[in-house]
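A short reminder: the numbers here are calculations on the coordinates, not readings from a lab. Source: prediction; values computed, not measured. Virtual Cβ from ideal backbone geometry, glycine too; neighbours counted across all protein chains shown.
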Amino acid sequence: MSVFLPKGTRDFLPEQMQVRLRAIDTIRAVFESFGFEPLETPAFERIETLSGKYGEEADKLMFRIHKRGRSAKPGECDLGLRYDLTVPLARVLAMNADLRLPFKRWQIQPVWRAERPQKGRFREFWQCDVDIAGSRSPLADAECIAVADAALRALGFEDYTIRVNDRRILTELAREAGASSLQEELSFLIALDKLDKIGLEGVERELVERGFEPDKLGTLWSAIAAPPTTEALLQTLQDVLSGVGLEGVDTLRTVIAAAEAMGVDPSRVRFDPSLARGADYYTGPVFEVAGDDPSVGSVAGGGRYDGLVGRLSGRELPAVGVSLGLERLITLLEAREDAGSMGPVADLLITVFDDGSAPAASRAATAFRAAGVKTELYIGDGRLKAQLKHADRRGYAWIALIGPDEASAGTVTLKNRRTWENTTLDLQAAVNKVSADRR
RNA sequence: GUGGGCGUAGCUCAGUCGGUUAGAGCGCCAGGUUGUGGCCCUGGAGGUCGUGGGUUCGAUCCCCAUCGCUCACCCCA
């Protein structure tokens, strides 16, 4: 073997493509059922559009494209592959001040990250995003949660948890623990976010290493460590926090209630004060959905980013969105027992007996297609036996045999693959029969 | 960027305490039917044992390097 895929990428062979397309169709239908409209943006953006939006780590993971031409300095990059769909959307919003607000769009496209691949992570993967721009209403945040939840259910998922938090609560907590700058706040978040992974003591140790004083959090800390019910925890925070933290608590309470009114099962929603989310641009509620297999990682994530559009254009525009990870969803989909294999694209295979009957077979194929039957004409020089075997293996519902006898009589011999029934009919009768069977 | 595991047929994997022609199952192709597919029988194709070097009389096996894959850390969909 001397030819390889680029690290972290995959080919999608027909069978996998059918699974992917079906998933994308399902997700898109849910997005549109909420009134989101389609958008596409280029695979690459100007480097200054992408840089500094996600955080220091993410900047390193961005695929950069070297500047071309005589004026380029060695190593200089002026373009980069998009890292997510949120920043490109923000760019679109910044450039199109005439968009009617609130602007709701869906976007399903690949993104690229120069990570070391591992389970559930790739260097090229597809995100399925919905975002609402131009609204500060908690209803917008709630709708993002509700649409993600609806998409997951439409895909057949049942075991997942939607964790929610608000960046402002984290900001307040970070300040209580001694953070005095945005950078320190982010450092605090990174440590706190590891709670479910390294445990309470691990986080405490890491916070101390990063120069914080977790004991200053007092009772708050014990509440975070052993979260009681969502409402009890919100109440605790409400009693203790002040300033923006309080705003966060209020908003979150409204968002959770609104999401439930929109059909999200309350038992799936959990307030998790340790949820931080990676990107720097979040300003309010944040959310993340984890499936039943934790090793795959989260399957969706999002939040409010009221400052991002303003950073690009100077025009302030609040926005909130959520992103579903197609690869991870499909990984979970395939792990399910009912995953079942996909059949062929076509309904019918027409065999080609020999050169003499090929024209009749071709004309028959045209007639079937005109009636809406997806029809494959056997291309190849296999004998009838091989053609039937091909049809059987692939799982076509119907097979039409057209040899010299049928060609001269204007008929086709129609085989039902499941019943093995074999009938010779006029072409039109055969078309009617297959086309009726499809409905 | 850091660390662990693994590279033998298209796929899943045996195997060789270093020894002559490297195996199985599945898959693929052909024949057993002249125009009829699930099963069965027979036969066949397909491997520089990832690559390069070292040790050795002899390496797929031991050692080193390298490439690739994979898992974990970091971070994240």
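List of remarks:
- Three-way shape label, the stretch A:274-326, alpha-carbon gyration tensor, a/c 1.5: prolate
- Range of Cα positions in the stretch A:161-290 per principal axis (Å), largest first: 43, 29, 29
- Three-way shape call for the stretch A:217-307 based on the alpha-carbon gyration tensor, with the a/c threshold at 1.5: rounded
- Global geometry of the stretch A:286-439, whether rounded, prolate or oblate, following the gyration tensor of its Cα atoms and the 1.5 cut on a/c: prolate
- Taken over chain A, the alpha-carbon convex hull comes to 215 cubic angstrom per residue.
- Each peptide in A:396-404, A:50-58 receives the mean, over its residues, of other Cβ atoms within 10 Å, and ordering these scores from highest gives A:396-404, A:50-58.
- For chymotrypsin sites (Phe, Trp or Tyr not before Pro), the sites in the stretch A:1-53 that DSSP calls loop and that have at most 16 other Cβ atoms within 10 Å are A:Phe4, A:Phe12.
- Gain on full stretching of the segment that runs from A:Glu32 to A:Gln118 - 0.36 nm per residue minus C-alpha separation: 27.7 nm
- All lysines inside 27 Å of A:Lys415 as judged from Cα atoms, apart from same-chain residues fewer than 8 positions distant: A:Lys374, A:Lys385, A:Lys389, A:Lys433
- The angle between the Cα long axis of helix A:138-154 and the main principal axis of chain A comes to about 40°, on a 0 to 90 degree scale.
- For chain A, the longest principal axis of the Cα atoms and the long axis of helix A:195-209 meet at an angle of about 40 degrees.
- When you count the other C-beta atoms within 10 angstrom of each residue and take the mean per peptide, A:349-358, A:97-106 line up highest first as A:349-358, A:97-106.
- Remark: spin-label model distance A:Glu56-A:Arg363 equals 7.6 nm, labels positioned 7 Å along the Cα→Cβ axis.
- For A:Trp126, distant residues with modelled amide H under 5 Å away: A:Val111, A:Leu326, A:Glu327
- Extension reserve of the A:Thr424-A:Asp405 stretch, reckoned as 0.36 nm per residue once the Cα distance is removed: 5.8 nm
- Straight-distance crosslink candidates among lysines, where the alpha carbon sits under 23 Å from A:Lys60 and sequence neighbours closer than 8 are dropped: A:Lys7, A:Lys73, A:Lys119, A:Lys194
- Extended-chain gain in nm, criterion 0.36 nm per residue less alpha-carbon gap, A:Phe12 and A:Thr41: 8.2 nm
- For chain A, the longest principal axis of the C-alpha atoms and the axis of helix A:86-95 are separated by about 80°.
- For the stretch A:351-439, the convex hull drawn through the C-alpha positions has a volume of 86 cubic angstrom per residue.
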